[in-house]
Amino acid sequence: MITQLTAIVAAIALASPSAGLSVLHERRDGLPRTWLKSEKVPGGTIIPMRIGLVQSNLDKGHDLLMDV
């Protein structure tokens, strides 16, 4: 398990584009003023998430993520 995790982290690090080739799609300068920390989110809550990847074998991405 640790070996697989290490391999995945290394692959992501090697696949990351260099600073000169990256494109900023969204910027977050800080938390919106309307956000307030109130309580812990229940464990079963689904949180929408987007992950942008540019690589081959994207069809295997979900399986690799579920392995981690």
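Each reported figure results from applying straightforward, stated rules to the coordinates on display, with no laboratory input. Worth saying up front: this structure is predicted, and the values here are computed from it rather than measured. Cβ atoms come from the backbone with ideal geometry, glycine included; neighbour counts cover every protein chain shown.
The overall shape of segment 25-68, judged from the alpha-carbon gyration tensor, is oblate: a/c is not under 1.5, and a/b is no greater than b/c.
So if each residue of separation counts as 0.36 nm, and I subtract the Cα-Cα distance between Leu58 and Ser38, what length gain in nm does that give?
3.5 nm
Our estimate of slack between Thr45 and Leu65, defined as 0.36 nm per intervening residue step minus the Cα-Cα distance, is 5.3 nm.
Distance between the modelled labels on Leu31 and Ala11, one decimal in nanometres: 3.5 nm (7 Å Cα→Cβ projection).
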